[in-house]
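Colleague: The structure's right below; bear with me while I get my questions together.
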Amino acid sequence: MTTLVFGHKSPDTDSTGSPLIWSWYLNEVKGEPAKAVLLGQPNTEAAFVLDRWSQSTPDIIDGVETGQRCVVVDTNNPAELPATINEADVVQIIDHHKLVGGLETKGPIDITIRPVACTATIMYDLMGDDTAKMPEEIKALALSCILSDTLEFRSPTTTDRDVEVARTLASELGINIPDYAAEMFAAKSDVSAFSDAELLRMDSKEYEVGGKKFRISVLETTAPKIVMDRKDSLMTSMEAVASEDGVDQVLLFVVDILNEEATLLIPNDLVKSLCEKSFSTSVSGDTAVLPGIVSRKKQIIPNLSL
């Protein structure tokens, strides 16, 4: 049986590139039939990376069949996976997020969760000497994943190992990291073609805080004005998206990559209260600027409280 390799819903660069990297490894090095798939449309940065390195967009699936052999990457959270995931045969998890729980497997599996910034970094280390067999496009995908997840080493999630692997790959590819990262971030910042609802779901995860369910959305950009010019319509759309997705509220953090700060939209008193309590700030108006906040995983999620 062919093993499906996939990451989380709303795939970013890491959840798009890592399935391709690991399926290459399983097919070409381990001799095990594998296929990379996605659980949604890749974001603009991920789409740019695929096009830049002449990679076809993997097939998009909305579920997995009972007994389907799977490798899950870049998440271990059932809420970010197909509703039928516990009926599949998950044989491996490769991730860099906290352990959430809730996945049920058919038997003992291979799990690797490491405190680094990017799944591709873990994959590079798991491959060991076999990294020498990586073709240019697979090396480029791994480099792209690391630069995306670390925000070119600006994110507090960045580890020395992420930097070391990225620089090794860039050297082998003859790529100038600042120049290439600037291209990636420019692509990520081009959100003009997306509706408000699509933007609110594009890079989002569901979490519960104080008995309330939130869709926590992050838009990383080098051009925050493009997003902020749509502030009023985005806040109007939050209510509809929350209702459709079965959550109490959508939180939108617009992360300014270059200035290393986030702006949280404040549509109502619930978000105002959460912002003030979570980030020790006073809110007046419909936005709150949060200096130094760039990471959902390390700086936003752990601080949220009501």
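The values are calculated or read from the model by the stated rules, or taken from the named source; none is laboratory data. This one's a predicted model, so the numbers in the text were calculated from it and none came from an experiment. Cβ atoms come from the backbone with ideal geometry, glycine included; neighbour counts cover every protein chain shown.
Colleague: Out of 232, 269, which single residue is over 23 Å from residue 306 (Cβ atoms) and more than 22 Å from the chain's Cα centre (by Cα)? Show your work before the answer.
Modeller: On the way: 269 fails: over 23 Å from residue 306 (Cβ atoms).
Every option except 232 fails the conditions.
Colleague: So, one more: Taking interchain pairs and intrachain pairs at least six residues apart, which have beta carbon atoms under 7 angstrom, with the first residue in the range 52-65 and crowded, with 16+ Cβ neighbours inside 10 Å and the second of a type in the set (Lys, Arg)?
Modeller: Close Cβ pairs (under 7 Å, with a partner that is of a type in the set (Lys, Arg)) do not exist here.
Colleague: Among the residues of the range 186-213, what is the count of those that are surrounded by fewer than 18 Cβ atoms within 10 Å (Cβ to Cβ), among the basic types (Lys, Arg) and touching a residue at least 60 places away in the same chain (Cβ under 8 Å)?
Modeller: 1
Colleague: Can you find, within the range 66-76, the residue that is nearest to residue 143 (Cα to Cα) among those that are surrounded by 21 or more Cβ atoms within 10 Å (Cβ to Cβ) and among the polar types (S, T, N, Q)?
Modeller: If we take residues in the range 66-76 being surrounded by 21 or more Cβ atoms within 10 Å (Cβ to Cβ) and among the polar types (S, T, N, Q), then 75 is nearest to residue 143 (Cα to Cα).
Colleague: Read through the list (1) surrounded by fewer than 18 Cβ atoms within 10 Å (Cβ to Cβ); (2) touching a residue at least 60 places away in the same chain (Cβ under 8 Å); (3) of a type in the set (Gly, Ala, Ser), then give the number of the only condition that residue 171 fails.
Modeller: Here residue 171 meets the rest and fails (2).
Colleague: Right, next: Does at least one position in the range 151-163 carry a residue that is assigned to a strand (DSSP E or B), more than 18 Å from the chain's Cα centre (by Cα) and buried (at least 16 other Cβ atoms within 10 Å of the Cβ)?
Modeller: no
A quick yes/no check of all residues on (1) aromatic (Phe, Trp, Tyr); (2) out of contact with any strand residue (DSSP E or B) (no Cβ under 6 Å at 6 or more places or on another chain); (3) closer than 30 Å to residue 186 by Cβ; (4) in the same structural domain as residue 97 (by TED's automatic domain parsing):
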{"site": "19", "(1), (2), (3), (4)": "no, no, yes, yes"}
{"site": "29", "(1), (2), (3), (4)": "no, yes, no, yes"}
{"site": "36", "(1), (2), (3), (4)": "no, no, yes, yes"}
{"site": "41", "(1), (2), (3), (4)": "no, yes, yes, yes"}
{"site": "54", "(1), (2), (3), (4)": "no, yes, yes, yes"}
{"site": "58", "(1), (2), (3), (4)": "no, no, yes, yes"}
{"site": "66", "(1), (2), (3), (4)": "no, yes, no, yes"}
{"site": "69", "(1), (2), (3), (4)": "no, no, no, yes"}
{"site": "73", "(1), (2), (3), (4)": "no, no, yes, yes"}
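Colleague: Looking only at strands (runs of 3 or more DSSP E) that lie completely in the range 1-119, which have at least 2 residues being of a type outside the set (Asp, Glu), over 13 Å from the mean Cα position of the chain (by Cα) and under 26 Å from residue 161 (Cα atoms)? Reasoning before the result, please.
Modeller: Details: elements: 3-6, 34-38, 69-73, 89-95, 110-113.
Filter on the range 1-119 gives 69-73, 89-95, 110-113.
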